[in-house]
1. If residue 11 satisfies every condition in (1) in contact with a strand residue (DSSP E or B) (Cβ under 6 Å, 6 or more places away or on another chain); (2) more than 20 Å from residue 196 (Cβ to Cβ); (3) at pLDDT 95 or above but one, which is the exception?
2. Anything in the range 141-162 that is at pLDDT below 95, assigned to a helix (DSSP H, G or I) and surrounded by fewer than 16 Cβ atoms within 10 Å (Cβ to Cβ)? List them, or say none.
3. Any residue that is closer than 30 Å to residue 218 by Cα, modelled with pLDDT of 90 or more, assigned to a loop (DSSP other than H, G, I, E, B) and within 13 Å of the chain's Cα centre (by Cα) - is there at least one of those in the range 88-107?
4. Have a look at 142, 138, 121, 125 and point out the one that is farther than 23 Å from residue 225 by Cβ and in contact with a strand residue (DSSP E or B) (Cβ under 7 Å, 6 or more places away or on another chain).
5. Could you grab me the full set of residues in the range 78-112 that are free of Cβ contacts under 8 Å to residues at least 60 places away in the same chain and in contact with a strand residue (DSSP E or B) (Cβ under 8 Å, 6 or more places away or on another chain)?
6. Looking at the range 225-249, I want the residues that are touching a residue at least 60 places away in the same chain (Cβ under 8 Å) and on the phi < 0 side of the Ramachandran plot and have a partner that is assigned to a helix (DSSP H, G or I) and surrounded by fewer than 17 Cβ atoms within 10 Å (Cβ to Cβ) with Cβ atoms under 8 Å, at least 6 apart or on another chain. Which pairs are those?
């Protein structure tokens, strides 16, 4: 198992031990998670019914359980998809792709446990749609485990993620429509709400005065990313047996 997915739990919470998840470690990240633009898509009634929260917002316990689930889903995706090789391809490209500095990373990049420079999972995770016995597995690992990732949890994440990533309309929980994601390459893509979404970070470079530096090969970069998008969406959708979308920045 990859080194960056193995570590000893050291963050002691009132609820127990949270082995992973920056939302559990930093107050500013917790606020980001509680105030993100998709906050209204969580099912708070179901969260309360399953003991994930006792309020109308996301508490620390929910975010820590979500973080453990994310670590195992990230690990599963790294196993079944060639994300590591693709990340290396971007890193070694002569086109000069630039990853974001830590201070400029968004919530999804900061929460990623893939250990990749450019690629991260973009979906929200609605763990309230897990069965109670599955939530119990997360709870036990959260409070008693010494590693965030286990074979059992990784297998569970691979079997359940399609329900966990689904964006449901609060007014119509059975909605099968599309969801409008944040802007990527100057567009706001509308993506089926059950699709797995991966993002490829491609930071812009600025000089000391904050001016955007000229990029001579911008067209080549865009064409390269568009080709990657077409190839990998088809490949990954076939491997996972469901819709996969890639959003290049």
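The values are calculated or read from the model by the stated rules, or taken from the named source; none is laboratory data. Not measured: the values here are computed from a predicted model. Neighbour counts run over all protein chains shown; Cβ positions are idealised from the backbone, glycine included.
1. Among (1) in contact with a strand residue (DSSP E or B) (Cβ under 6 Å, 6 or more places away or on another chain); (2) more than 20 Å from residue 196 (Cβ to Cβ); (3) at pLDDT 95 or above, residue 11 violates only (3).
2. 143, 144
3. There is no residue in the range 88-107 that is closer than 30 Å to residue 218 by Cα, modelled with pLDDT of 90 or more, assigned to a loop (DSSP other than H, G, I, E, B) and within 13 Å of the chain's Cα centre (by Cα).
4. On the way: 138 fails: in contact with a strand residue (DSSP E or B) (Cβ under 7 Å, 6 or more places away or on another chain); 121 fails: farther than 23 Å from residue 225 by Cβ; 125 fails: in contact with a strand residue (DSSP E or B) (Cβ under 7 Å, 6 or more places away or on another chain).
Within the list 142, 138, 121, 125, the selection yields 142.
5. If the condition is that a residue be free of Cβ contacts under 8 Å to residues at least 60 places away in the same chain and in contact with a strand residue (DSSP E or B) (Cβ under 8 Å, 6 or more places away or on another chain), then 87, 112 are the ones that fit.
6. Hits for this filter: 239/80; 240/80; 242/162; 248/222; 248/226; 248/228.
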